[in-house]
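Below is one structure, written out as structure tokens, with a few remarks after it.
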Amino acid sequence: MISFDDLLPLLPLLIVSLTVVITMIAIGIRRSFILSGTLTILGLLLAAFVAMLMLPWTDQQVTPLLIIDQYSLLFTVISCVASMFIAVFSFPYFCKLDDNKEEFYLLIGLATVGAIVMVSSNHFVSTVLGLETLSMSLYGMIAYPLHSKDTANYPLEASVKYLILSAAASCFILFGMALIYAQTGTLSFTSLAALDPEFGLSEGYTVVALLLVSTGMAFKLSLAPFHLWTPDVYEGSPLPATAYLATVGKMAMAVLLLRFLASTEALSFGAIPIAFSLIAITSIIIGNLLALLQENLKRILAYSSIAHMGYLLIAVVASYVTIGGISVEAISFYLVAYVVMSLGAFSILSVVSSSEHEINQVADYQGLFWRSPWLATMLIAMLLSLAGIPLTVGFIGKFYIFFAGVESSLWVLLAALVIGSGIGLYYYLRIVYIIIQPLRTQDKINFPVAGIESLSSYFVIGLLFFMLILLGVYPSPLVTLIESASSFI
Amino acid sequence: MILLSLISILFVGGLIAWASESVDANYPRVVALIAIIIELAVVVLLLLNDAGEGGWVASIDAPWIPRFGISFYLAADGLSVLMIALTAFLGLIAVGSAWAEITERTGFFYFNLLWTLAGVIGVFTALDLFLFFFFWEVMLIPMYLIIAIWGHENKSYAAMKFFIFTQVSGMLMLIAIVMMAYLHYIEFGELSFNYQDLLNVSVANPLQFWIMLGFFIGFATKLPSVPFHAWLPDAHSQAPTAGSVILAGVLLKTGAYGLIRFVIPLFPEASTQFAPFAMGLAAFSILYCAKVAFAQSDIKRLIAYTSVSHMGFVTLGIYAWNEQSLQGAIITMLAHGLSAAALFMLAGGLQHRIHTRNMNEMGGFWVHAPRMAVVTMFFSIAALGMPGLGNFVGEFLVLLGAFQVNTYATVASAFGLILASVYSLWVIQKVFQGGYSDSRFEVSKLRDLDRREMFYFALMMFGLIWMGLYPQPFLNLAEPVLASLLASTQSAAMAATLTTGAGL
């Protein structure tokens with residue numbers, strides 16, 4: 001019997017779920033975009049706030065399915081805040097759409113429920129539940145009807161692509177889980193390292209099972225060679241959906257992967273670290289190389305996210321080599337940094353775009369610096385952060401990865417990181433270069449005039465920029481927080 | 001505190017300069033000038049400070065990221081003070097050279113200029129290696145923007161090349177820095193990026209060599225030394241004049257400073273092993289780039305290659321690692337800072353007037369711009385190492401010190417002085433002597449130097465003559481620093497031989 005005390009740690013999850021229900025009822029009573037938006041934003045804000053309050057003292061397994069500790073709460077907070085930001089800047093994006101647009105907020109809320117379950121999961125059942133809740137909502141968000149040829153070119157193609165590949169990935173994960181269940185007889189994450197060889201199948205099956213689960217997760221994280229869906233889905237979706245997929249979606253998956261690997265001690269099987277190292281190297285090289293020739297900012301961000309997830313895997317591999325080292329903190333910090341900077345980049349793209357017309361060609365940004373210096377400065381800062389230049393949070397994140405790599409003497413992976421970042425500089429700087437070039441006079445690109453409805457978006461962009469610089473210059477508070485939270489993994 | 005104010009004056013000055021553009025496009029340069037003058041005043045204050053314990057004139061130490069043992073640790077000794085003085089002085093010159101040349105987006109230009117200088121001063125004072133790396137990278141972005149926005153015809157390529165070369169080599173240095181901190185953790189049980197702490201770390205040799213190499217590549221790219229120099233001619237020729245002045249005068253010196261401050265003291269044994277190779281590389285840089293300079297028709301590229309050649313003397317002096325050669329290296333850094341900056345200003349001035357850098361189109365300018373010709377003559381002669389001017393003192397001391405250590409490299413490098421005379425006089429002949437033809441440039445375009453420009457050149461001439469005739473004040477400032485550096489590396493080497501002796 002679940003008592004009230006057991007439910008208390010679930011408060012953030014319950015608040016977000018309730019928000020979804022209330023928003024749905026509100027939409028049923030009266031369709032109002034601004035009302036459903038406000039409800040969702042307030043609900044997410046409240047959930048983030050409550051989770052933050054609970055952070056210092058909650059450490060509890062709630063039902064066998066969910067673990068609510070500092071680590072999961074930290075990422076609950078980040079998921080809620082990030083979703084809230086996306087909800088804020090999807091308002092000006094959708095507000096001119098001549099169709100039912102209120103449901104987009106429902107989908108954001110639902111996806112966040114999935115994300116919270118994922119970051120709190122240490123059981124295969126909750127893994128699947130969270131993952132599917134998130135993915136199902138994303139299908140809807142990606143295929144959201146926009147009716148304009150100038151925006152998402154191929155939302156249906158993107159959605160079907162994502163649906164099929166994501167379902168295939170889920171199958172891999174489920175099959176892997178089944179094999180692991182055959183070994184251990186339990187669905188919760190337990191160590192596979194010290195299994196009694198008398199029971200279950202042989203070790204080879206465990207390795208296959210782990211590889212299957214890892215493959216599925218690598219699909220969701222868009223790691224090479226499982227990355228083929230990424231650029232098309234990024235390009236084809238409405239911007240807020242892309243932003244959600246790229247930030248909250250990947251972060252929740254990465255946290256889940258980390259907890260899975262740590263609890264099952266999967267990396268102690270020789271083949272798994274090798275597989276992850278290979279995936280990391282291919283992701284870094286392929287992601288950066290393919291981004292070089294792209295002209296579409298969404299596609300560039302897609303390829304750059306592949307590379308960033310590759311950098312992240314370096315710390316994942318390191319977490320096995322040096323146990324109790326800095327690697328878990330490195331992963332956590334890098335995730336936070338990644339969310340801040342990609343969300344920043346997407347928020348700027350979406351504030352100049354709308355559901356009628358998306359501005360995502362690199363050439364469209366020529367002269368942005370002289371047209372609206374603040375917006376351009378922030379976009380440049382986000383890009384430099386993605387490139388890992390100091391004064392930004394991206395540099396501290398990369399520093400963490402370097403540290404984790406050095407601590408575990410992963411020289412080959414570090415070499416890949418250096419080469420990859422070197423290539424990466426080129427395409428980030430190319431965008432920066434275009435932004436600071438003089439305005440083109442002959443063909444005016446119509447940047448929408450910012451109306452009153454984008455005020456809150458500018459506030460969000462300013463906040464993200466502030467966080468980007470603050471965490472890049474004075475990261476100590478976050479470092480301390482992550483240090484204590486990471487001890488729970 | 002004084003060090004913090006040195007950096008923050010420039011940071012704040014840059015912000016104010018940017019903001020003041022919205023009032024009037026002429027204000028930013030005035031703001032920048034005022035900021036630099038205040039900066040110079042603070043530098044003078046710093047020079048008046050007495051050296052405290054350990055030779056540090058001023059220092060500030062505050063925790064920054066305790067998790068990694070990173071602190072905000074700035075300190076300056078004689079060596080840093082000399083470099084800071086050079087930076088502030090050339091900052092003034094750079095503002096002067098941009099005064100009339102930069103007419104578009106002035107606010108953002110001076111913002112970038114001042115922030116570059118702030119980053120450089122941070123590099124010269126940071127004694128926490130993380131902080132050092134932080135400033136090392138911070139000075140890149142504004143420099144990139146200066147080249148990319150106000151550069152010449154091929155600026156995109158040049159700016160990108162500059163950034164990627166320095167950033168990638170910087171990442172190798174970051175790995176080396178992190179390894180040092182981690183080795184400190186293994187040996188003493190806590191992470192530290194503090195220079196003084198890291199001096200105590202003892203690293204076994206094959207590893208020490210690799211870490212040293214990481215630092216060396218980072219610094220040699222900035223210096224630049226031959227295999228890593230490809231970015232420099234492009235960056236120099238495409239940058240606006242003020243950018244070239246800062247690049248040649250100050251940014252290159254950060255590489256040499258890093259070698260003196262970090263590479264050799266932190267890795268004395270590996271550096272001793274590496275010294276013959278580094279000195280060979282230096283000699284090769286000197287001769288090869290002098291030869292390549294001779295083949296250029298673009299006047300800025302020519303000066304850029306001569307910079308690489310002259311910086312070869314600095315590398316040579318540093319790796320000889322005795323008092324004379326180090327003194328020589330430091331004087332060469334200062335003197336080359338002035339002479340190269342002046343030559344770039346002259347080349348930039350020419351380009352501003354006649355819109356070309358191609359020397360084949362020039363000739364006979366002496367008639368119409370006699371002051372400019374004489375000034376160019378002066379700085380060319382300074383660059384080729386005429387006794388009585390600063391460059392001679394520096395290069396002579398380097399050769400004197402290096403001769404005791406590595407005869408072959410020194411003898412080879414000495415030929416660089418001959419090549420230097422050839423290319424310097426070649427420039428004078430090509431540009432100022434010979435017949436003048438009206439058909440190519442109207443005489444009216446070829447204005448002579450005006451008073452403002454003459455004032456800046458006079459300042460630099462004064463500096464070079466001072467260093468040439470009475471270098472003692474400069475030597476005195478650097479002397480205690482070098483003595484302690486030499487002593488610490490010798491004791492480390494001694495300890496190493498003792499332990500290996502005990503092992504036998």
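Taking the charge dipole of chain A about its Cα centre, with +1 at Lys and Arg Cβ atoms and -1 at Asp and Glu Cβ atoms, the residue from A:Phe124, A:Leu297, A:Thr322 reaching farthest to the positive side is A:Leu297. Annotation: amide H of A:Ala143 has no partner in the under-5 Å range at sequence separation 5 or more or interchain, hydrogens built in the peptide plane.
Within straight cross-link reach of B:Lys161, meaning Cα distance under 13 Å, which aspartates and glutamates are found once same-chain residues fewer than 8 apart are removed? Filter leaves B:Asp234.
For chain A, the relative contact order comes to 16 percent (Cα pairs under 8 Å, sequence separation of at least 6).
Once the Cα atoms are used to define both axes, helix A:250-264 deviates from the longest principal axis of chain A by about 10 degrees. R0 = 22 Å: FRET efficiency of A:Gln61 with A:Ser484, Cβ-based, nearest 0.05? FRET efficiency, A:Gln61 to A:Ser484: 0.70. The smallest convex shape that holds all Cα atoms of the range B:267-331, its convex hull, gives 77 Å³ per residue. Across the range B:292-475, the convex hull enclosing all Cα atoms gives 95 Å³ per residue.
For the protein assembly as shown, place one equal point scatterer on every Cα, skip the solvent, and apply the Debye formula. What is log10 of I(q)/I(0) at q = 0.05 Å⁻¹? Calculated log10 I(q)/I(0) at the listed q: -0.33.
Under 20 Å from a label point set 7 Å out along the Cα-to-Cβ vector of B:Ser421, the amide N atoms of the range B:289-312 belong to B:289-295, B:306-307, B:309-311. Once the trypsin sites (Lys or Arg not before Pro) in DSSP loops with at most 14 neighbouring Cβ atoms within 10 Å are cut out of chain B, the longest remaining piece is B:1-439. Quote the charge dipole size of the range A:4-486 about the Cα centre in Debye, to the nearest 20; the model charges only the Cβ of Lys and Arg (+1) and of Asp and Glu (-1). For the range A:4-486, the charge dipole is close to 1040 debye. For the range B:113-205, the pair-distance distribution built from all alpha carbon pairs, in bins 5 Å wide starting at 0, is 3, 13, 19, 18, 15, 11, 8, 6, 4, 2, 0 percent. Residue pairs exceeding 20 angstrom between C-alpha atoms, taken from A:Lys161/A:Lys220; A:Lys250/A:Lys398; A:Lys398/B:Lys155; B:Lys291/B:Lys430: A:Lys398/B:Lys155.
Residues of the range A:95-111 falling in the label zone of A:Ile34, defined by backbone nitrogen less than 13 Å from a point 7 Å along Cα to beta-carbon, are A:95.
Helix A:70-94 and the long axis of chain A differ in direction by around 20°, with both axes built from C-alpha atoms.
State the answer as a single residue: which of B:Leu302, B:Ile264, B:Ala487 lies farthest towards the positive end of the charge dipole of chain B, with beta carbon charges of +1 for Lys and Arg and -1 for Asp and Glu, about the Cα centre. Positive-end residue among those listed: B:Leu302. Screening chain B for whole DSSP H helices of 24 Å or more along their axis (Cα) with average Kyte-Doolittle hydropathy at least 1.0 returns B:2-20, B:27-48, B:78-98, B:106-125, B:155-188, B:407-432. Ordering B:Gly214, B:Val201, B:Leu191 by Cα displacement along the dipole of the range B:181-277 toward the positive end leaves B:Gly214 in first place; charges were set at the Cβ atoms of Lys, Arg (+1) and Asp, Glu (-1). Available extension along the chain between B:Tyr185 and B:Thr103 is 24.3 nm, counting 0.36 nm per residue and deducting the alpha carbon span. Please label the shape of the range B:2-65 as rounded, prolate or oblate, based on the square roots a ≥ b ≥ c of the eigenvalues of the alpha-carbon gyration tensor (a/c under 1.5 means rounded; beyond that, a/b larger than b/c means prolate, else oblate). Verdict is oblate for the range B:2-65.
Running Debye on the range A:262-310 with equal point scatterers at the Cα sites and no solvent, what base-10 log of I(q)/I(0) appears at q = 0.15, 0.17, 0.29 Å⁻¹? Scattering profile of the range A:262-310, log10 relative to I(0): -0.48, -0.55, -0.94. For chain B, would you read off the P(r) tail past 33 Å as a percentage of all alpha carbon pairs? I get 35 percent for the Cα pairs in chain B exceeding 33 Å.
Normalised Debye scattering of the range A:4-486 at q = 0.13 Å⁻¹ gives log10 I(q)/I(0) of -1.22, counting only Cα atoms as equal scatterers and leaving out solvent. With only the Cα atoms considered, the range A:96-143 has a convex hull volume of 57 Å³ per residue.
Give me the distance between the Cα centres of the range A:187-241 and the range A:73-111, rounded to whole Å. For the range A:187-241 versus the range A:73-111, the Cα centre distance is 28 Å.
Relative contact order for chain B: what percent, with Cα pairs under 8 Å and sequence separation of 6 or more? Computed over chain B, the figure is 14 percent. Spin-label model, A:Ala193 to A:Arg440: label points 7 Å out along the Cα-to-beta-carbon direction sit 5.7 nm apart. Taking every alpha-carbon pair within the range A:331-489, the share separated by more than 21 Å comes to 51 percent. Rounded to the nearest 0.05, the FRET efficiency derived from the C-beta distance between B:Val374 and A:Met136 at R0 = 60 Å is 0.15. Counted by neighbouring Cβ atoms within 10 Å, the residues A:Lys220, A:Lys161, A:Lys96 run from fewest to most as A:Lys96, A:Lys161, A:Lys220.
We did not get these values from a lab; they are worked out from the coordinates using the rules stated. These figures come from a predicted structure and were not determined experimentally. Reconstructed Cβ throughout: ideal geometry from the backbone, glycine too, with neighbour counts over all protein chains shown.
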